[in-house]
Structures are given as structure tokens and as C-alpha cells.
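A.B. asks: Before we start, here is the structure in question, set down as C-alpha cells.
The values are calculated or read from the model by the stated rules, or taken from the named source; none is laboratory data. Worth saying up front: this structure is predicted, and the values here are computed from it rather than measured. Here Cβ is always computed from backbone atoms with ideal geometry, including for glycine, and neighbour counts include all displayed protein chains. The protein model used for the area step is the full one, side chains on, heavy atoms only, and it has no ligands, DNA or RNA in it. Shrake-Rupley method; radii C 1.70, N 1.55, O 1.52, S 1.80 Å.
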Amino acid sequence: MSQPTIESILQENRTFAPSAEFSAQAAVKSFDEYKALYDRAAADPVAFWEALAKTELHWFKPWTQALDWSNPPFAKWFVNGKTNLSYNCLDRHLESQGDKPAIIWEGEPGDSVTLTYRELHQQVCQFANVLKKMGVQKGDRVGIYMPMIPEAAVAMLACARIGAVHGVVFGGFSAEALRDRLVDAAAKVVITADGGWRKDAIVPLKPAVDAAIANGQTQVTTVIVAKRTAQEVTMVEGRDHWWHDLAATVNSDCPAAELDAEDNLFVLYTSGSTGKPKGVVHTTGGYNLYAHMTCKWIFDLQANDVFWCTADVGWITGHSYVVYGPLSNGATSVMYEGAPRPSNPGAFWDVIDKHKVSIFYTAPTAIRAFIKMGDDHPKSRDLSSLRLLGTVGEPINPEAWMWYHTVIGKERCPIVDTWWQTETGGIMITPLPGAIPTKPGSATLPFPGILADVVDMDGNSVPANEGGYLAVRHPWPGMMRTVYGDDDRFRKTYWEHIAPVDGKYLYFAGDGARRDEDGYFWVMGRVDDVINVAGHRLGTMEIESALVSHPAVAEAAVVGKPDDLKGEEIVAFVTLEGTYTASDELMKELKKHVVGEIGAIARPGEIRFADALPKTRSGKIMRRLLRALAAGQEVSGDTSTLEDMSVLEKLRG
Ligand code: 7RM
């Protein structure tokens, strides 16, 4: 091995198998069945995906080649095949289940709307005609900056229907962040709303669009505004139009365009730790197949399931598991506008109770927030409709996993801890819930057809329980195709970090991980965040987990601070559970606790108590900012994705 990667220092040994009842009804029913499926797919991944593409999706015209990998790292899947994602999500379900709910939407103030497949199809066709009328053509980029209302899904599906490329920008982002993305994508049209409801207040959106366009950097000539909150907005004559006014001028007859499998479907921006956000490009056929299959098998979709993924459509999770995955499968998808808030900390449990949600998919950061709010909220609602739980976004610390398992799942629901990225299009490492026993904190095993591994810098697999780089050895249909307008950045960021082995390219995910003796993956955090203590490279996850396993700690983030002697010293930022207060005693106790859980090597040199940690809007801790604070430096680089600027001010003290 040319250089040490990451050392693994924490072990978690509990195992949870699905119940016999769950396995019996699941798509994949046993570990042996998973293993056989996995091995068959691994022996010939292209044949595996090709067979599924034939049976699971509608094609106007078949492909001539399933995978073209002659020009790595630029993959083409289902070459020359013609299909349409909106057709696969809507039209093909109309005859068999036109009256089934496609989207159950719940607004924060308690208003709700159910759209059947037939109704959603009608709205999508109508809005696709609006887009055409406004001059949107195949290949044009369309910005979507909306709250979580059904129109957001309608707008996405309408773009997909006519071959326009959507670029959804999370509605919580600032006008500047929106502008950067609109400029990069050269979007001419933006779809927005007057505002949305969040935490009992109206979040205005239209003014941010106006500000993003104001200085003339974007190419936007048309803004379409859905009415949600009905507060006063300024409409610019000739540029701005109300959604409902335009819709009244068109019919809802709009056949799905026969698109090429490799036509661009969307661009979604993801912030790297440095530099400007990358526009991750996904294309039509491969993405559709991947979102479809992962949603079907991982969430074990059955005819009567009510599936709720809490992600905003501004994130990849919202693209793949609020809109495209569930609808492609003909499932019922719940969309919720709001968030748990002081006036209703049990808001999520109300949604589950009211709509009889059977599958619930959320993020560890949300789960830790629920724990902090107390068990009374979930315990006072009827959660008996739940049968399966999922998490995504970060490693889930075993404490949070156990709480999710007992308090929400009543020890009855399997938990799928799903590892994936904006770049991967869909879930990559995950339990199949009826087949794979889970271990708290592990995303377990790769999805069939995904040749994931933990490797060193030369691309060699590292032995069991040694840390290394999470990588994928073979292309998969849902993989990103490039960085928008920057092929070079795509190649350098993801494919050249680890040297190609025998001319074979490996996808480098940027995460550190280890595999245990059963081959289970344990993600240890971003390799950019690794801390180097006296020559030992430690991932952030394990130390944070050890801290959170102390009853006083609600959340923890650890970073390295330059140290003359050791290279780096560990600095831990910690938020406390409600009943605890910061003290020197507690600090000493926490340091001792980490030493007891992991060993002296992981002893934090410093512990700083904080009210809150700096997070991105999707809940990921921004350790880059904490690193600067710990080192006493000014925070530099992009902070536009920070959820709450005041958190940073407070930490600065
Ligand atoms: C889906 C999403 C991707 C990064 C990824 C990891 C981290 C996501 C897990 C996880 C451990 C998980 N897309 N990550 N899921 N780490 N266990 N189950 O989050 O592009 O926004 O982020 O998130 O570091 O590389 S993303």
C-alpha cells in the first residue's frame, strides 16, 4: 500500500434480522436470495441491467447497445434507446390504476391535496404545454425554485415530458446561490412560487428570483409563478406570469416526447468542500432504471404502500425518492411542505398518523433532532401503519439507530441505512430489508449490480476492518454523466484520484470506509475531513459516535486543529441534551468516555460546547467551517449553503 488511508477504531457488534413475516412478503426474501442475485449481477452487470430495463420500463424503441464504456469515464447506457421518464411515471399506469393516489400532499398549515395518477398526468401534460407555449424546447435548461408543493413535482415531470433539462434549486437557498446556479446552467426560464410555508411563517420565494435576475448575469427571460401563499408579489410585465393564468390558455393533450436514453434529464448542483458548486448531470434512461429498481427493492414497494421520503425536491433524495422512483413504480408518494417546529414538534408523526404512512425515509440529523424533542411526541401518535424505515445523508450513529428502531419502529420495522450521493443517482449500499440483517451504523452491502469496494490509493482492496476509500469498480445506469460544462472537473474529481487499474477506471466517492468481517460497509465520513493524529488517520464518524453514545450529548462534530507535536489535535464541538449544562467536569467526563469507547488515540484535546452546529440545508455538518474556527482562522470559501448564519456567529463567540 503506497500510503495509509484511514484507520478504523470503533466496533459495533449488534445484529438485527428482519422478522419472518416481513421476509415472507418481501421482493427479496432471504440472504441467500440476495447473494445469488448479487453474484449473478456481479458476473455480468451489463446483462443484469439490460434484462431489468426490458421488463421494468417502457421503451418507444429498443437500444442497440446496453453500455458504451469505450471512452471512460464517460458512460452511455441504452445507446439509441428511446424512452420518456414522464411516460414511465404516469401514462403507463393510467389504465391499470388511474384512480390510485400518486401524490398525497400535506401543506404545513394542515391543508392537503391528493392527486391520482390520472389527475397528475393531466396537470403534467397541461404544464408541459405551458412550457412549450413559453418557447421551452428540448435541451433547454429550466430553473425550478419552489416550496414542497405538488406544482414542484408537476414542473419536474413536465420538463422530463418534453426533454427540457430541469435544475431544481432548493427553496431555502439565497438569491445569490440561485443566481450562481442559473448562470452556470444558462437557464432562460425559472419556475417559482410566491412563497411557501416553513415553521409557521411564509418564506417568500419570488423576491429571491427577482434579486437573482436583477444584476443581468443570468439569461432568464421568463418567470412562471405558482400561487401558494397569496402574499403580494411584484410581477414584471412581459417576464413574469402566473402559473394558473398560463395553464388556462392551453389544453392538456401532450404526448410524451420520444427522447434518447442519453438525453440530459437534469442538472443538480452539489457543493464541493472547495470551489464553486458542481452541476451534476443525469440522463434519461439509465437514471430512470436506477431510481426505479432501487426504490422497488430497497423500499420493498407493495401495491398499498404509502411511501414518505421527507427530503425536499431540491436534493437528489427528493428527485429519486419523492418523485421519480415512487411514481415510476406506480406507488403513492407523500409530499410534506413543512417541518417539525416549536408549535408542533410532532408534525412528522401527525403526517404518518393522518395518511397511514407505511414506509418512512428520513435523515439522521432529523432523527437526532426528534430524540432531543423527547419521546412523548411520537408516543402520543398512532404509528402502527409503519412497516419499514430508512435513513440517508450521513452515517447514522448507533445511538440514533437504536432510538429509531425502538421508539419509531417499535422493534418491528427493518431499517434501511442507505449510502449514496447526488452523483450516484440512487442508493448504492443498503440492506434489502427482507434479506439482509442490519447492524446499527452500517449501510451493510451493495445493491445488486453495484461493484462497490474499499480500496487504497492504488485501487487494491484493503483487508477486512482496515479503512480505505469507498470506490465503485463498474459503471451503473444511475451514475452521473459529467459535471455540467466541465468534463475535466468530472474526470479529475471522481475518476483520477485513484489510479486506473489495468486501464480500468474506478469511481471515487470521496468517502472513507471499512468493510467488516462479513463484508458490511461502515462509512467513516468524507476523506476531506480525516484527522491526522500522530500519524494515525482517523475518520470523523467513529469519534462523533463515541461522543453521542454519552447520555449528555445530543450531537457532536470533530475536526483536526494543527498541533506542533501530533500533527493534529482533535477538537470536538458538542451540543447537549436539554437536561445537561456545560461544565469542566462534563468536559473531563466526555474525554474519558471517548477514551473508554475507542482508546487514548481518539482523546479530544479540546471540547467546545455549542448551542447548534453549522449544517448545510440538507443537514450535513460543515466541518470545513469548524476546522477554521478551531484553528482560530477566518472562515473562508463558500458559505452560501449554510442553513443558519447565526450559528457561526455564536460559535465564533
Ligand atoms: C443522498 C445524499 C452524499 C454524501 C456521501 C456521504 C454522505 C449519504 C450516507 C452517507 C454514511 C449513509 N447525497 N452519506 N448517505 N454517509 N451513511 N447512509 O446524501 O450528495 O447530498 O451527499 O453524504 O458522505 O458521500 S449527497
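A.B. asks: Go through the stretch 615-653 and report how many residues are touching a residue at least 40 places away in the same chain (Cβ under 8 Å), farther than 28 Å from residue 313 by Cα and open to solvent by 70 Å² or more (accessible area, probe 1.4 Å).
C.D. replies: 1
A.B. asks: Looking at (1) out of contact with any Lys or Arg (no Cβ under 7 Å at 6 or more places or on another chain); (2) more than 16 Å from the ligand (Cβ to nearest atom); (3) open to solvent by 10 Å² or more (accessible area, probe 1.4 Å); (4) not charged (D, E, K, R), which is the only condition residue 311 fails?
C.D. replies: Tallying (1) out of contact with any Lys or Arg (no Cβ under 7 Å at 6 or more places or on another chain); (2) more than 16 Å from the ligand (Cβ to nearest atom); (3) open to solvent by 10 Å² or more (accessible area, probe 1.4 Å); (4) not charged (D, E, K, R), residue 311 fails exactly one: (2).
A.B. asks: Given the criterion closer than 30 Å to residue 277 by Cβ, more than 16 Å from the ligand (Cβ to nearest atom) and within 31 Å of the chain's Cα centre (by Cα), identify the matching residue among 632, 637.
C.D. replies: Exactly one of 632, 637 is closer than 30 Å to residue 277 by Cβ, more than 16 Å from the ligand (Cβ to nearest atom) and within 31 Å of the chain's Cα centre (by Cα), namely 637.
A.B. asks: Just wondering, is there one or more residues in the stretch 268-281 that are surrounded by 23 or more Cβ atoms within 10 Å (Cβ to Cβ), on the phi < 0 side of the Ramachandran plot, assigned to a strand (DSSP E or B) and of a type in the set (Phe, Trp, Tyr)?
C.D. replies: Checked the stretch 268-281: at least one residue is surrounded by 23 or more Cβ atoms within 10 Å (Cβ to Cβ), on the phi < 0 side of the Ramachandran plot, assigned to a strand (DSSP E or B) and of a type in the set (Phe, Trp, Tyr).
A.B. asks: Right, here's the next one. Out of (1) assigned to a loop (DSSP other than H, G, I, E, B); (2) open to solvent by 20 Å² or more (accessible area, probe 1.4 Å), what's the single condition that is false for residue 479?
C.D. replies: Tallying (1) assigned to a loop (DSSP other than H, G, I, E, B); (2) open to solvent by 20 Å² or more (accessible area, probe 1.4 Å), residue 479 fails exactly one: (2).
A.B. asks: Regarding residue 79, is this residue surrounded by 14 or more Cβ atoms within 10 Å (Cβ to Cβ), β-branched (Val, Ile, Thr) and under 24 Å from residue 389 (Cβ atoms)?
C.D. replies: no
A.B. asks: Could you say which residue among 530, 548, 523 is in contact with a helix residue (DSSP H, G or I) (Cβ under 6 Å, 6 or more places away or on another chain) and either under 23 Å from residue 372 (Cα atoms) or touching a residue at least 12 places away in the same chain (Cβ under 8 Å) (or both)?
C.D. replies: Going through 530, 548, 523 in turn, the sole match is 548.
Here is a yes/no grid of residues against (1) acidic (Asp, Glu); (2) open to solvent by 60 Å² or more (accessible area, probe 1.4 Å):
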{"residue": "7", "(1), (2)": "yes, yes"}
{"residue": "16", "(1), (2)": "no, no"}
{"residue": "20", "(1), (2)": "no, yes"}
{"residue": "34", "(1), (2)": "no, no"}
{"residue": "39", "(1), (2)": "yes, yes"}
{"residue": "45", "(1), (2)": "no, no"}
{"residue": "50", "(1), (2)": "yes, no"}
{"residue": "59", "(1), (2)": "no, no"}
{"residue": "65", "(1), (2)": "no, yes"}
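A.B. asks: Out of contact with any strand residue (DSSP E or B) (no Cβ under 7 Å at 6 or more places or on another chain) and either under 24 Å from residue 244 (Cβ atoms) or without any contact (Cβ under 8 Å) to a residue 12 or more places away in the chain (or both): does that describe residue 201?
C.D. replies: yes
A.B. asks: Mind listing whichever residues of the stretch 200-216 are open to solvent by less than 30 Å² (accessible area, probe 1.4 Å) and out of contact with any Gly (no Cβ under 8 Å at 6 or more places or on another chain)? Walk me through how you get there before you give the answer.
C.D. replies: Going through the stretch 200-216, the residues open to solvent by less than 30 Å² (accessible area, probe 1.4 Å) turn out to be 205-206, 208-209, 212-213.
Residues satisfying the conditions are 208, 209, 212, 213.
A.B. asks: Let me ask something additional. For residue 559, work out the one condition from (1) among the hydrophobic types (A, V, I, L, M, F, W, C); (2) within 15 Å of the ligand (Cβ to nearest atom); (3) not in a helix (DSSP H, G or I) it doesn't fulfil.
C.D. replies: Only one criterion in (1) among the hydrophobic types (A, V, I, L, M, F, W, C); (2) within 15 Å of the ligand (Cβ to nearest atom); (3) not in a helix (DSSP H, G or I) is unmet by residue 559, namely (2).
A.B. asks: If we only count strands (runs of 3 or more DSSP E) wholly inside the stretch 350-440, which ones have 3 or more residues that are of a type in the set (Val, Ile, Thr), within 16 Å of the ligand (Cβ to nearest atom) and within 22 Å of the chain's Cα centre (by Cα)?
C.D. replies: Per the criteria, 415-418.
A.B. asks: Then there is this: Please specify each residue of the stretch 485-509 satisfying the condition of being in contact with a strand residue (DSSP E or B) (Cβ under 6 Å, 6 or more places away or on another chain) and crowded, with 19+ Cβ neighbours inside 10 Å.
C.D. replies: Correct list: 490, 494, 498, 506, 507, 508, 509.
A.B. asks: If you don't mind, there's one more thing I want to ask. It is to be established whether one or more residues within the stretch 386-399 are at negative phi, open to solvent by 40 Å² or more (accessible area, probe 1.4 Å) and among the hydroxyl-bearing types (Ser, Thr, Tyr).
C.D. replies: no
A.B. asks: Moving to a separate point now. Looking only at residues in the stretch 509-519 that are away from the ligand (no atom under 12 Å from the Cβ) and at negative phi, which one is farthest from the chain's Cα centre (by Cα)? Before the answer, list the steps.
C.D. replies: Taking the stretch 509-519 and keeping what is away from the ligand (no atom under 12 Å from the Cβ), we get 514-519.
Adding the requirement that they be at negative phi leaves 514-518.
Numbers: 514: 21, 515: 22, 516: 25, 517: 28, 518: 26 Å.
The extreme case among them is 517.
A.B. asks: What helices (runs of 4 or more DSSP H), lying completely within the stretch 99-185, carry at least 1 residues that are within 18 Å of residue 310 (Cα to Cα), in contact with a His (Cβ under 6 Å, 6 or more places away or on another chain) and touching a residue at least 24 places away in the same chain (Cβ under 8 Å)? Reasoning before the result, please.
C.D. replies: Working: elements: 117-133, 150-162, 175-185.
Hits in the stretch 99-185: 150-162.
A.B. asks: Could I ask something else about it? Take the residues of the stretch 314-342 that are part of a loop (DSSP other than H, G, I, E, B) and within 16 Å of the ligand (Cβ to nearest atom): which is farthest from residue 105 (Cα to Cα)?
C.D. replies: Across the stretch 314-342, the extreme among qualifying residues is 315.
A.B. asks: Given the conditions (1) without any contact (Cβ under 8 Å) to a residue 60 or more places away in the chain; (2) open to solvent by less than 10 Å² (accessible area, probe 1.4 Å), which single one is not true for residue 242?
C.D. replies: Answer for residue 242: the failing condition is (2).
A.B. asks: Identify, please: which residue in the stretch 573-611 is open to solvent by 30 Å² or more (accessible area, probe 1.4 Å), among the small types (Gly, Ala, Ser) and not in a loop (DSSP other than H, G, I, E, B) and is, among those, farthest from residue 531 (Cα to Cα)?
C.D. replies: 596
A.B. asks: Further question: Restricting to the stretch 530-545, and then to whatever is within 16 Å of the ligand (Cβ to nearest atom) and open to solvent by 20 Å² or more (accessible area, probe 1.4 Å), can you tell me which residue is nearest to residue 570 (Cα to Cα)?
C.D. replies: Among them, the one singled out is 530.
A.B. asks: Give the stretch 181-199 a look and list any residue that's of a type in the set (D, E, K, R) and either open to solvent by less than 60 Å² (accessible area, probe 1.4 Å) or modelled with pLDDT of 95 or more (or both), or say none.
C.D. replies: Answer for the stretch 181-199, where residues must be of a type in the set (D, E, K, R) and either open to solvent by less than 60 Å² (accessible area, probe 1.4 Å) or modelled with pLDDT of 95 or more (or both): 181, 184, 188, 194.
A.B. asks: Sticking with this structure for a sec: Name the residue that is farthest from residue 373 (Cα to Cα), counting only residues in the stretch 557-572 that are open to solvent by 10 Å² or more (accessible area, probe 1.4 Å) and in contact with an Asp or Glu (Cβ under 9 Å, 6 or more places away or on another chain).
C.D. replies: Ranking the candidates gives 563 first.
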